[in-house]
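The values are calculated or read from the model by the stated rules, or taken from the named source; none is laboratory data. Bear in mind that the values here come from a model prediction, so they are computed numbers and not experimental data. Cβ atoms come from the backbone with ideal geometry, glycine included; neighbour counts cover every protein chain shown.
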Amino acid sequence: MKHSVPRIHAEHLPALLRAMPKAELHMHIEGSLEPELIFALAERNGVQLPYADVEALRAAYAFTDLQSFLDIYYAGASVLLHEQDFYDMARAYLNRAVADNVVHTEIFFDPQTHTARGVGMETVINGLYRACRDAEIEQGISASLILSFLRHLSEEEALQTLEDALPLRDRFIGVGLDSSEVGNPPEKFARVFGRCRELGLHLVAHAGEEGPPAYIWGALDVLHVERIDHGVQAEKDPVLMQRLVDEQIPLTVCPLSNLKLCVVDSLAAHNLPQLLKAGLKVTVNSDDPAYFGGYVNENYLQLFEATGMGAQEAYQLARNSLEASFVAAAQKEQWIALLDETFAQFARRTGDV
Ligand code: HPA
Ligand SMILES: [Zn+2]
C-alpha cells in the first residue's frame, strides 16, 4: 500500500532530499578516491602516476562507456598499499556519507584489484573494517562491507579470492559482482555464488547496467541474488519487469553514474521515475562518487531537478533504501520512524500539514 506523505512545498524539496535519513546500497569504496587523495597517497607511498597533477587527472574523467571508466578507476586504486591507506579512503567516504544523512551504507570493495598488486587480503579488509567501526562509534553511521568479484577475471580467481577472504568472514556481510559486464554473464560465476550461498553470505550482482535483461534473469535464477545493482535495462523486458515487481527485488540505481557512462543521454531521460511508478523497489546511490560528479545527495538533487519528481517519490526512494538494506527488521523500523518524523517536520515548516 502506498504510504501517504504530507504535502511539502517545492521550494523545500532540496532541503528535504538532503535531510531525509537514507541508506546507500551501491557504492565502490575505490570509486570514492578523490584526485586530491590519490595524489596524497601516491606521494606518501612513492607511487608514480601517469598524470602530472590533480587537474590533469580530473581532466581525464571524460568517459564514453563503462570500460573507459574502469581503466582510470583501476589506475587510481594503484596508490593503495597499506592498511592505513584503505582506512583513510573509507573514513573520507564515511565523512561524506554522514554529511548526506546516510544512516547506513553497504560498501563494495574489490580485493582482486589490490591482491593482484601484492597487497594482502587482510591489509584491505582490516583497513576498511576498522574505518567502518570507528565511524560507527565516533559518528553514529552504520556501515558494512560487501566483497565484490571482478567479472572480467575467471571464476577460479573468484573462488581463490573467496578462500583468501574466509579467515575474515565476520568482517563482510556479502558478495557482489562488478567490472566489465558485457561478455561476462552471471552464469560464469555460478559455482562461486553457490558456495557463498552455502556460507550464508548475502548475494548481489551488477546486472543490466550496459548488459541485456538476460543478465538480470541470470543473476536472479542462477546466482540467486537478493538485489540487482543498476538493473536499468530491465525496462526492455516486460516479463522481467513483472517479476521484479512481484518479488520486490531491489534495484540499486545510480543516476549520475548512468549519465557519466553514457547509459542515458540526460538525467531528464533517466527511466528511474518510470521504474518507480511501475512498482519496482528502486533506490538511489552514488556508485563511484569521486568519478561521477557527486555523492548520494547530489544524485537525488540532480535527478529530482531534472525529472520533476516530488516529495512522494523522495519518501518512497528513501524508504526503499532502508527496506532493501541487509540490517535487522527492528533497526529498519527505527530508521523508517525517523524518516516519517523528518517528513512531518518539513510539512509543519511548510505550514501545510
Ligand atoms: O558501475 C560499475 N559497474 C561495474 N563495475 C564497477 N566498478 C566500479 N563501478 C562499477
Ligand atoms: Zn557499481
- request: Check the stretch 143-153 and report whether any residue there is crowded, with 23+ Cβ neighbours inside 10 Å, of a type in the set (Ser, Thr, Tyr) and either at pLDDT 95 or above or under 25 Å from ILE228 (Cβ atoms) (or both).
  value: yes
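Could you list, in sequence order, all residues of the stretch 303-335 that are of a type in the set (A, V, I, L, M) and assigned to a helix (DSSP H, G or I)? Lay out the reasoning, then the answer.
Going residue by residue through the stretch 303-335, those that are of a type in the set (A, V, I, L, M) are 303, 306, 309, 311, 314, 317-318, 322, 324, 327-330.
Answer for the stretch 303-335, where residues must be of a type in the set (A, V, I, L, M) and assigned to a helix (DSSP H, G or I): LEU303, ALA306, ALA311, ALA314, LEU317, ALA318, LEU322, ALA329, ALA330.
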- prompt: If the Cβ limit is 8 Å and pairs must be 6+ apart or interchain, which residue in the stretch 147-160 that is touching a residue at least 60 places away in the same chain (Cβ under 8 Å) pairs with which residue that is part of a loop (DSSP other than H, G, I, E, B)?
  reply: SER148/ASP110
- prompt: Which condition breaks for TYR87 when tested against (1) more than 21 Å from the chain's Cα centre (by Cα); (2) crowded, with 18+ Cβ neighbours inside 10 Å?
  reply: (1)
- line: Scanning the stretch 2-34 residue by residue, the ones that are free of Cβ contacts under 8 Å to residues at least 60 places away in the same chain, over 30 Å from GLU333 (Cβ atoms) and either small (Gly, Ala, Ser) or not in a helix (DSSP H, G or I) (or both) total 0
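Within the bounds of the stretch 31-50, is there any residue that is among the polar types (S, T, N, Q), farther than 17 Å from LEU150 by Cα and within 14 Å of ligand 1 (Cβ to nearest atom)? Full working, then the answer.
Taking the stretch 31-50 first, the residues among the polar types (S, T, N, Q) are 32, 45, 48.
From the residues that got through so far, the ones that are farther than 17 Å from LEU150 by Cα too are 32, 45, 48.
Then keep just the ones that are within 14 Å of ligand 1 (Cβ to nearest atom); that gives 32.
Within the stretch 31-50, one or more residues are among the polar types (S, T, N, Q), farther than 17 Å from LEU150 by Cα and within 14 Å of ligand 1 (Cβ to nearest atom).
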- prompt: Tell me, which helices (runs of 4 or more DSSP H) wholly within the stretch 186-275 include 3 or more residues that are on the phi < 0 side of the Ramachandran plot and without any contact (Cβ under 8 Å) to a residue 24 or more places away in the chain?
  reply: 238-246
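Can you find, within the stretch 107-135, the residue that is farthest from ligand 1 (Cβ to nearest atom) among those that are free of Cβ contacts under 8 Å to residues at least 24 places away in the same chain and over 19 Å from ARG169 (Cβ atoms)? Working first, answer last.
Let us first name the residues in the stretch 107-135 that are free of Cβ contacts under 8 Å to residues at least 24 places away in the same chain, namely 116, 118, 120, 133.
Keeping just the survivors that are over 19 Å from ARG169 (Cβ atoms) gives 116, 118.
Numbers: ALA116: 15, GLY118: 21 Å.
Looking at the filtered set, the residue picked out is GLY118.
Residue-by-condition table, conditions (1) closer than 21 Å to ALA205 by Cβ; (2) β-branched (Val, Ile, Thr); (3) more than 16 Å from ligand 1 (Cβ to nearest atom); (4) within 13 Å of the chain's Cα centre (by Cα):
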| residue | (1), (2), (3), (4) |
| --- | --- |
| LEU223 | yes, no, no, no |
| ARG243 | yes, no, yes, no |
| GLU247 | yes, no, yes, no |
| SER266 | no, no, yes, no |
| GLN274 | no, no, yes, no |
| LEU280 | yes, no, yes, no |
| MET309 | no, no, yes, no |
| LEU322 | no, no, yes, no |
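Inspect all residues belonging to the stretch 104-112 and state whether any of them is assigned to a loop (DSSP other than H, G, I, E, B), at pLDDT 95 or above and within 16 Å of ligand 2 (Cβ to nearest atom).
Start the filter on the stretch 104-112 by keeping residues that are assigned to a loop (DSSP other than H, G, I, E, B), which leaves 110.
Keeping just the survivors that are at pLDDT 95 or above gives 110.
Checking which are within 16 Å of ligand 2 (Cβ to nearest atom) leaves us with 110.
Within the stretch 104-112, one or more residues are assigned to a loop (DSSP other than H, G, I, E, B), at pLDDT 95 or above and within 16 Å of ligand 2 (Cβ to nearest atom).
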query: In this structure, does LEU177 turn out to be more than 14 Å from ligand 2 (Cβ to nearest atom), of a type in the set (A, V, I, L, M) and buried (at least 16 other Cβ atoms within 10 Å of the Cβ)?
result: no
query: If you check LEU37 against the conditions, is it more than 16 Å from ligand 2 (Cβ to nearest atom) and part of a loop (DSSP other than H, G, I, E, B)?
result: no
query: Assuming PHE63 fulfils every condition listed in (1) modelled with pLDDT under 95; (2) under 30 Å from LEU280 (Cβ atoms) apart from one, which condition is it?
result: (1)
- prompt: Would the stretch 118-135 turn up any residue that is within 20 Å of the chain's Cα centre (by Cα), in a strand (DSSP E or B) and under 21 Å from TYR73 (Cβ atoms)?
  reply: no
